[in-house]
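A short write-up of the structure that comes next.
The values are calculated or read from the model by the stated rules, or taken from the named source; none is laboratory data. Being a predicted model, the structure only gives us computed values, none of them experimental. Please note: Cβ atoms are built from the backbone with ideal geometry, for glycine as well, and neighbour counts cover all protein chains shown. Note: accessible area is taken over every heavy atom of the protein model, side chains too, but ligands, DNA and RNA are not part of it. Shrake-Rupley method; radii C 1.70, N 1.55, O 1.52, S 1.80 Å.
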Amino acid sequence: MNTGLLILRVVLGLLLAGHGSQKLFGWMGGPGLSGTAQMFESLGFRPGRAAAWAGGLAEFVGGLALALGWFTPFAAAMIVGMMGNAITAVHWPNGIWAQSGGIEFPLTNAAAALAVAFIGPGRFSVDHGLGWHLYGWKWGVVALVIGAVGVLAGMATRASAARTGSGRTQPTA
Amino acid sequence: MDTGLLLLRIVVGLLFVGHGGLKLFGWLGGDGLDSTARYFDSLGYRPGRRYAIAGGAIELAGGALLALGLFTPIAAAVLIAMMGNAMAVVHWPKGLWNAAGGVELPLVLAAVAAAVGFTGPGRYSVDRAIGWHLSGVPLGVVVLLVGAAGIAGGLAARAWATRDVEARRAHMI
């Protein structure tokens, strides 16, 4: 039980932290903050720089916290929110499979993070060391709700950018 | 705990079922067996048809068993073996990140399978319903070892098939 959760948390958490570091710092061949800001801007997350900070921190901090098992449901919520935005803004039109850029990979990440919020991080975790019991039904739902709010906020941002963006292309009299 | 494991098993298990269906039957826009056989042949798994059937069946059956929580340790072990082969042969040369076809996704899927091998499938599973309580560190280690043996077996069979072809080619020259 505890060993399995440790494996899952460390693999998933460090990979996501790696993605975050690509966005924030340009580590490991990543685009860095400016490149990410441009990409996010083109996806409709405006202002792109603020969105790049938010997305990069969600992955970097959320991933490290998940790996450590520290504030676990909040780490899971950040990852669920980030992956939900990736699915809705990037992967959804590409279908299911990862090979064609579909939702498979962000869906797996979100499901695994949410599962850890329900199950708890196990004994080999900072939460456990501090005597925190942030898991079970209630905390799983908390992680899901916070993550869903993050996804809705991202979708609302993009919807409003799409409106003003199309307004901008209209010739002004 | 049990809800999280159910979520994890169903999402990852059904994705595996889909991949198996893609390979064997051309479900969901997949290639189907003939094309998968050619692909496996080109990867060095020869005869390609035999390995395409084996690989597709492992994903289809392993994924279904994982989702049901039936014979969970066996499902976990064969899925680890399959993902290990995929990582070593297909994804490793492409680096870490999923966007470039790297090892990230099969690594996370293998980590999920390994984690469930340790934790067991939880209460909402067929194993539990028929009175099997298959979890714990010794069982998880067995799952990892069987999975590793499957990886080694697949890679050895591939190396053998490739060497055979190259030896014949050298003889012809």
Heavy atoms of A:Lys138: accessible area, 1.4 Å probe, square angstrom to 10: 140 Å²
Projected-area average for the range A:83-161 over all orientations - Cα convex hull basis, square nanometres: 6.3 nm²
Solvent exposure ordering (accessible area, 1.4 Å, most first) of A:Leu15, A:Leu130, A:Leu43: A:Leu130, A:Leu43, A:Leu15
Segment A:Met28-A:Ala50, length gained on full extension (0.36 nm per residue, minus Cα span): 5.7 nm
Longest to shortest principal axis, alpha-carbon extents of the range A:21-100, angstrom: 33, 29, 24
Solvent accessible area, Å² - A:Arg46, 1.4 Å probe, full protein context: 90 Å²
Shielding score for B:3-14, defined as the mean number of other chain Cβ atoms within 10 Å: 6
Acute angle (nearest 10 degrees) that the helix A:72-86 long axis makes with the longest principal axis of chain A, alpha-carbon atoms: 30 degrees
Estimated [θ] at 222 nm from DSSP helical runs (n ≥ 4, -39500 (n - 2.57)) normalised by residues in chain B, nearest 500: -25000 deg cm²/dmol
Residue among A:Ser21, A:Ser34, A:Ser100 with the largest mean-square fluctuation in a Gaussian network model of chain A, springs linking Cα atoms under 10 Å: A:Ser100
Amide H partners (placed H, <5 Å) of A:Gly102, local residues excluded: A:Trp97
Stokes-Einstein translational diffusion, the protein assembly as shown - Kirkwood Rh over all Cα pairs, 1.306 mPa s, 10 °C, in µm²/s: 75 µm²/s
Translational diffusion coefficient (Stokes-Einstein; Kirkwood radius from C-alpha pairs) of the range B:18-173 at 10 °C, 1.306 mPa s, in µm²/s: 97 µm²/s
Rh (Kirkwood; distinct C-alpha pairs) - chain A, Å: 16.5 Å
Most mobile of A:Pro47, A:Pro106, A:Pro121 in a GNM of chain A (Cα contacts under 10 Å): A:Pro47
Long-range HN-HN contacts of B:Gly101 with modeled amide H, under 5 Å: none
Sequence-distant aspartates and glutamates (8 or more away, or on other chains) whose Cα lies within less than 14 Å of A:Lys138: B:Asp2
On Cα atoms only, tilt of A:104-119 relative to the major axis of chain A in degrees: 40 degrees
Hits among lysines - C-alpha to C-alpha of A:Lys23 under 20 Å, sequence gap 8 or more where chains match: B:Lys94
Solvent-accessible ranking of B:Asp127, B:Asp34, largest area first, probe 1.4 Å: B:Asp34, B:Asp127
Approximate spin-label separation B:Phe25-B:Ala149, in nm, with each point projected 7 Å along Cα-to-Cβ: 3.1 nm
Rh by Kirkwood over Cα pairs, then Stokes-Einstein D for the range B:108-161 at 0.692 mPa s and 37 °C, µm²/s: 265 µm²/s
Local net charge near B:Asp127, Cβ-Cβ under 14 Å (Lys/Arg +1, Asp/Glu -1): +2
Under Karplus coefficients 6.51, -1.76 and 1.60, residue-wise ³J(HN,Hα) of the range B:109-115 in Hz, glycine/proline x: 5, 5, 5, 5, 4, 4, 4
Solvent-accessible surface ranking, highest first, for B:Asp2, B:Asp31, A:Asp127 at 1.4 angstrom: B:Asp31, B:Asp2, A:Asp127
Relative contact order %, the range A:82-173, counting alpha carbon pairs below 8 Å whose residues are six or more apart: 26 percent
Rounded to the nearest 10 Å², the accessible area of B:Trp132 at probe 1.4 Å: 100 Å²
Listed residues B:Gly20, B:Gly63, B:Gly101, most fluctuating in chain B (Gaussian network, C-alpha, under 10 Å): B:Gly101
Surface share of carbon and sulfur [accessible, 1.4 angstrom probe, percent] for the range B:1-97: 71 percent
Contour excess over end-to-end distance, with Cα ends at A:Val90 and A:Met155 and 0.36 nm allotted per residue: 22.2 nm
